[in-house]
Amino acid sequence: MAKLLLVVLFAVCVVPSIVTAHIAGDSLLLQGSTYCDACRCGYETSASKPVAGAVVGLECRSRTTSELTYSDETVTDSAGKYKFLVQSDRGDDFCDVFLSKSSDPECSEPNVGRDRARVILTRNNGMDSNTRFANAMGFLANTPLASCQEILKQYQESED
């Protein structure tokens, strides 16, 4: 009877925690951010602001056939940040996050070259963490700020 009780206790307490750890251990968390390039200079500056409510997509394609193997979509939070929880290792795929739609009509043009980011979604790369980070992606403001010349002087990009 004691053996049976021990087996039942093991099954009820230990097995679910092992299964939960295994499921959680298989998933990867992908994080990134979006911004509005208020000066239309092609990168983040002190004038850049987060884009809350932007739609961001994730697509993974087979390295051999280029066939779409995984896709997802999410919306940025108030800080312009997004997260994807990817349930399986995508080591055999090329994966990209990309800007799908801006929520700000004054800053809705994706900045070509900064509108997508390649991400590595595998554990077979020596990283201990299950969190992966994508480069920030930006939209261009329709009209640059009047203060952009002063801002760009900080970055020594302005022509006098």
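No value in this document is a laboratory result; all are computed from the given coordinates. From a predicted model like this one, the values you see are computed outputs, not experimental measurements. Positions of Cβ are generated from backbone atoms using ideal geometry, with glycine treated the same way; all protein chains shown enter the neighbour counts.
Annotations for the structure displayed:
- For R118 and S27, the difference between the fully extended length at 0.36 nm per residue and the C-alpha to C-alpha distance is 30.9 nm.
- Computed FRET value (nearest 0.05) for M127 with A52, which takes r as the C-beta separation and R₀ as 22 Å: 0.15
- GluC sites (Glu not before Pro) restricted to DSSP loop in the stretch 35-118 with at most 11 other C-beta within 10 Å: E67, E106
- Listed by chain and number, the aspartates and glutamates whose alpha-carbon sits under 15 Å from that of K153, ignoring those within fewer than 8 places in the same chain, are E44.
- Approximating the spin labels as points 7 Å out from Cα along Cα→Cβ, the D72-to-K101 distance works out to 2.0 nm.
- Each listed q (0.14, 0.21 Å⁻¹) maps to a log10 I(q)/I(0) for the stretch 27-154, found by the Debye formula over equal Cα scatterers with no solvent: -0.63, -1.11.
- Our coupling estimate for the stretch 85-101, obtained by passing each phi through the Karplus curve with A = 6.51, B = -1.76, C = 1.60 and θ = phi - 60°, is 9, 9, 6, 9, 5, 10, x, 9, 10, 9, 10, 9, 9, 8, 6, 9, 7 Hz, Gly and Pro reported as x.
- Candidate aspartates and glutamates - alpha carbon under 14 Å from K81, same-chain residues fewer than 8 apart omitted: E73
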